[in-house]
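What follows is a single structure, written as structure tokens, with notes after it.
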Amino acid sequence: MSSALENSLFEEFKLHGLPLPARQYKFHPLRKWTLDFAWLEKRVAVEVDGGLFIRGRHSRGASQEKDHEKRNSATACGWRVFVFGPKALYRKKRTAQPSAALTFMAGILNRGEL
């Protein structure tokens with residue numbers, strides 16, 4: 001299921017000229033974990049943490065611990081995981097973070113830079 005933040009970020013991928021990723025990709029061989037966005041060939045992933053400022057799931061300690069476990073497992077499986085929160089994605093409150101991260105990702109995805 002896609003959130004408004006995920007859909008907004010998907011549009012940013014297009015604007016930055018990134019190849020389009022798989023969505024909700026099951027990356028782990030044993031767990032049911034998924035990555036919000038995944039570029040399979042390059043093993044680059046993006047996770048979106050919504051609800052940080054409204055006491056949503058991602059703002060609770062137990063959920064954060066689960067997110068850490070999942071992301072560390074993704075890294076151990078060879079994935080580069082980028083994480084975006086709501087402040088970075090709302091257009092009215094846009095920070096420089098998405099642009100810098102997406103530019104870096106474009107280097108990896110389009111040119112194979114590390």
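In this label model, Lys66 and Ser3 are separated by 1.3 nm, measuring between points 7 Å along each Cα→Cβ vector.
Hey, with R₀ at 35 Å, roughly what FRET efficiency would Lys26 and Ala100 work out to, going by the Cβ-Cβ distance, to 0.05?
Details: r = 29 Å, r/R0 = 0.82.
With a Förster radius of 35 Å, E is 0.75.
Please find the FRET efficiency linking Cys77 to Arg111, where r is the Cβ-Cβ separation and R0 is fixed at 25 Å, and quote it to the nearest 0.05.
Values: r = 24 Å, r/R0 = 0.95.
Working from the Cβ atoms, E equals 0.60.
Annotation for Leu40 and Lys14: the two label points, set 7 Å from Cα along the Cα-Cβ direction, are 2.2 nm apart.
Read-outs: derived from the displayed coordinates by stated rules, not from any lab. Everything quoted here is computed from the prediction, not taken from an experiment. Note: ideal-geometry Cβ built from the backbone for every residue, glycine included; neighbour counts use all protein chains shown.
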